[in-house]
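Everything below concerns the one structure shown next.
The values are calculated or read from the model by the stated rules, or taken from the named source; none is laboratory data. Just so it is clear, the model here is predicted, and its values are computed rather than measured. Please note: Cβ atoms are built from the backbone with ideal geometry, for glycine as well, and neighbour counts cover all protein chains shown. For the accessible areas, the whole protein counts, side chains as well, though only heavy atoms, and no ligand, DNA or RNA atoms are used. Shrake-Rupley method; radii C 1.70, N 1.55, O 1.52, S 1.80 Å.
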Amino acid sequence: MKPSTVLNRSIRLLACAATIAALALVAPATAQAAPTAALPTPGQKFDLTVTSEGIGLTIDGKAITSEPLRGTLTVTIDANPSDPKKLSVEAKPSDLTLSTKAPQTTSITVNQDNAVVDEKSILRVVKPTPATYEHIMVLDLKLTVSMPAAPGKAEEIMQLATKDPAQLRATDVKQFPPVNQQYSLAGPVELISQDGSSTVPMTLDGFDVIVNQSA
């Protein structure tokens, strides 16, 4: 065999080997790529129902647990400009309202102050497969608390507000809009009197709610 023929064959074999090696390097990277879980589209708006077995307050050292509440909430989806990877969206709560269904003792109504808060409410992908999300809702809240009247005294009504925004968090959301999804208060929040008439220490201690898409 001519030396030139041998040389050409060797070059072709080396080229094939290099191509196979390159494919071997690319294949694992391609195999490891996982699809991103779908997020709601900016512009979508969801009307939700909210129920609670009761919220917990401490007023001047006295722990209070309300009776069950029910109400509604709206969440509006917007792009999250601070997330270039697009693994999250803003999921802004508004118009939250809850009230005790049939109060026998302490009656409580909770309403959201829809003023814009500095901290964003975010729905983010935690795992792509199976799809799992975390949703944090940041809310300014106003509470009306009606305490049962002592013998010979009028019913006491307190108008309260969160001093700083409250966070309701769900870390195992399987779909959005949620189905029977529990959200819990991330931590106690100090309460203040709306008109400044009360200076006793007050906190919102517990606020577990179940959220569903409205029928």
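Go through the residues of the stretch 177-184 one by one and say whether even a single one is closer than 22 Å to Ala37 by Cα, open to solvent by 30 Å² or more (accessible area, probe 1.4 Å) and assigned to a loop (DSSP other than H, G, I, E, B).
yes
Restricting the stretch 34-72 to residues that are part of a loop (DSSP other than H, G, I, E, B) and among the acidic types (Asp, Glu), which is nearest to Asn212 (Cα to Cα)?
For the stretch 34-72, the residue satisfying everything is Glu53.
Checking Ile136 against (1) aliphatic (A, V, I, L, M); (2) at pLDDT 85 or above; (3) under 22 Å from Ser197 (Cβ atoms), which test does it fail?
Ile136 satisfies all of (1) aliphatic (A, V, I, L, M); (2) at pLDDT 85 or above; (3) under 22 Å from Ser197 (Cβ atoms) except (3).
So which residues in the stretch 98-146 are closer than 19 Å to Glu53 by Cβ and assigned to a loop (DSSP other than H, G, I, E, B)?
Lys101, Ala102, Pro103, Gln104, Thr105, Thr106
May I ask you to list the residues in the stretch 77-116 that are surrounded by 13 or more Cβ atoms within 10 Å (Cβ to Cβ), of a type in the set (Val, Ile, Thr) and under 18 Å from Leu143 (Cα atoms)?
Correct list: Thr97, Thr100, Thr106, Ile108, Thr109, Val110.
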